[in-house]
Every structure is written in C-alpha cells, then in structure tokens.
C-alpha cells in the first residue's frame, strides 16, 4: 500500500518520532548506567547454590506460568498478560512499519495486529475495572498507574481504528494523527513512568535469583 500522506503527517511519523525515540534511548541509557553502578545484593548466608544459575532461572520466570502461584492457579490472568504485552509490541512495531515499510502491512498482517489491539483494549478495560473495584489493588495504585493503563487502553482503541481505515486505503485520518501523536507522547513519557518497568525487570529478577540461587533455594529447579 502506498503511504500517500501529507508532509506534516510524514514529519510526525518519521523525524519527530526518531528524535523522541533518541530521547527515550538516552534516558534509558542513563537509567541503566545508574543501575549498573549499584552494588549487587549483599549476602551473609553460606553459599549453597549457584547464583548465576539462580539469576537465569529468575529471569525466565515470566515464561513459566507454573512457577508462580498467582499464574499457576489462574492461567487466564497469565493469558491476559501475554496477549496485552504482545499487543504492545505489535502496536509499537506498526508505528515503524507504517512509515518505513508500508508494503509489509499487508491485509493479513494488519488484521492480526488489529485483533491483538482489540483484545488488549478489552483487557485494558478489565484492568481499569480491577484497579477501581479491588481494595487490595486500589490501595497500592498510584495516579501514574491509572494514567498509564487508561492511556494504553485508549492507545489500542485509536490504533485499531487507524489501521481499520488504513485497510480501506485511507492512510491519513484523524485516528492516524492521534495514533502517532500518542506514540510521540509515549516516547517522551514512558522513561519517567511505571511503564518503564521492563527496563527494571531484569535487574530485579537477577538480584532475586542471585540471593535465592546462592542459598540453594532454587537448586532443584535450575539443575
């Protein structure tokens, strides 16, 4: 599909996005550099296991739903988690494919992305509902949590309609403008929000794995 859009939208889709992406990468580089300078977890207990193997085991925990009680007892929750994050990856990917490689956005590829967007939108609504109605979740939720999940849910809805109209041969619509304006905002906002948890995740899991792997608690799982 030819990406026939106005000069203004093409500027938003490419140079503006690249500048914001470079800003986000710089913020992450600074954050990662600061984390790398921090000392590892202190350990006074006798070394009975393999700290490195424990770290690997801990890092891969997200791929083992049977390894956590919450997901082992509720695979539906884990399925939601996977669909939501796959949708995030596909949605972000589409913001690069649309301006750079529109020929790859075939009807099949676009429809697959739209399916994940629609499912993620419904999951987002459920997450908002859970935060508002479950006391144990509401008490630990900050304004940033609500803002992030609401923004992501709206982002999926806007992206869905932007791609729907894209399939109809309308690459420049109000939805497409909002879609890329929101993308630009995310690139600037995410490094300072809880959405950046995916950068902190490896550090937290490695520290956890080093402690319990070194104590031999995970030995039966990492041998």
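Table for the structure above
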| item | result |
| --- | --- |
| Fully extended contour minus Cα-Cα distance, from residue 73 to residue 138, at 0.36 nm per residue | 21.2 nm |
| Relative contact order for the stretch 49-222, counting Cα pairs under 8 Å that sit 6 or more residues apart, in percent | 43 percent |
| Chain lengthening between residue 185 and residue 86 when straightened (0.36 nm per residue, less Cα-Cα) | 33.6 nm |
| Most to least packed among 12-21, 158-167 [average Cβ atoms within 10 Å] | 158-167, 12-21 |
| All-pairs Cα distance distribution in the chain, expressed in whole percent, bin size 10 Å | 7, 25, 30, 24, 11, 3, 0 |
| Translational D in µm²/s for the stretch 33-83 (Stokes-Einstein at 37 °C, 0.692 mPa s, Kirkwood Rh from C-alpha pairs) | 241 µm²/s |
| Spin-label zone in the stretch 188-207 - amide nitrogen under 20 Å from a point set 7 Å from the Cα of residue 61 along the C-beta vector | 194-207 |
| Rounded Å value of the spacing that divides the Cα centres of the stretch 3-49 and the stretch 146-204 | 16 Å |
| The chain: most fluctuating residue of 63, 97, 151 per GNM, C-alpha cutoff 10 Å | 63 |
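Laboratory data are not the source of any read-out in this text; all were calculated from the coordinates shown. Quick caveat, the model's predicted, so the values are computed rather than measured. A quick note on method: Cβ atoms are made from the backbone with ideal geometry, for glycine too, and the neighbour counts reach across all protein chains shown.
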